[in-house]
Amino acid sequence: MNNDNEDNGYKVGYGRPPKETQFKKGERRNHNKRVKPVDNSFGAIIGRAFAERVKVTIKGKSRWLTKLEVIVRHVVKAAAKGDDAGIALLMRLNSHMHSRGETPAPILKIEGRDF
């Protein structure tokens, strides 16, 4: 076996097993590998759903955003148009963020003040 490999210009040694014993393309290395358990709690399912990316068109350009980003953009747009439910939801989210010590990123900076 060694002679065949060395005749073809392939040297067998440390980190270079004989070609006959190497894994073939697409062959799995460990068939009995333990599968990691999937967290199927409600929060984990919602988190995975929000983290999925979707293709959206914004001002004529296609972009990939998470579903959570799409939802937030939709609620903000509705609130800007005067939708009472959108405004109420944004106010609750804002108060929740402040109670946790988080602040949204500033949108505008005018004369050193954040808005």
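Picking from Gly47, Gly43, which residue would you name as being modelled with pLDDT of 85 or more, part of a helix (DSSP H, G or I), within 28 Å of the chain's Cα centre (by Cα) and surrounded by fewer than 10 Cβ atoms within 10 Å (Cβ to Cβ)?
Gly43
Which of the residues belonging to the range 12-40 are surrounded by 10 or more Cβ atoms within 10 Å (Cβ to Cβ) and within 29 Å of Ile71 (Cβ to Cβ)?
Result: Asp39, single match.
Can you find a residue that is in a loop (DSSP other than H, G, I, E, B) and at pLDDT below 85 anywhere in the range 60-67?
Among the residues of the range 60-67, not one is in a loop (DSSP other than H, G, I, E, B) and at pLDDT below 85, which makes the answer no.
Does the range 42-61 include one or more residues that are touching a Gly at 6+ places or on another chain (Cβ under 9 Å) and not aliphatic (A, V, I, L, M)?
No, the conditions are met nowhere in the range 42-61.
Spot the failing condition for Gly82; the list is (1) part of a loop (DSSP other than H, G, I, E, B); (2) touching a helix residue (DSSP H, G or I) at 6+ places or on another chain (Cβ under 7 Å); (3) at pLDDT 90 or above, and only one is missed.
Failed condition: (2).
Give me the residue from the range 90-115 that is closer than 20 Å to Val75 by Cα and in a loop (DSSP other than H, G, I, E, B) and, out of that set, modelled with the highest pLDDT.
Here the answer is Glu102.
Name the single residue that is surrounded by the most Cβ atoms within 10 Å (Cβ to Cβ) among those in the range 50-81 being free of Cβ contacts under 8 Å to residues at least 12 places away in the same chain and in contact with a strand residue (DSSP E or B) (Cβ under 7 Å, 6 or more places away or on another chain).
My answer is Arg63.
The values are calculated or read from the model by the stated rules, or taken from the named source; none is laboratory data. The shown structure was predicted, so the numbers you read here are calculated from the model rather than taken from an experiment. Positions of Cβ are backbone-derived with ideal geometry, glycine not excepted, and every protein chain shown enters the neighbour counts.
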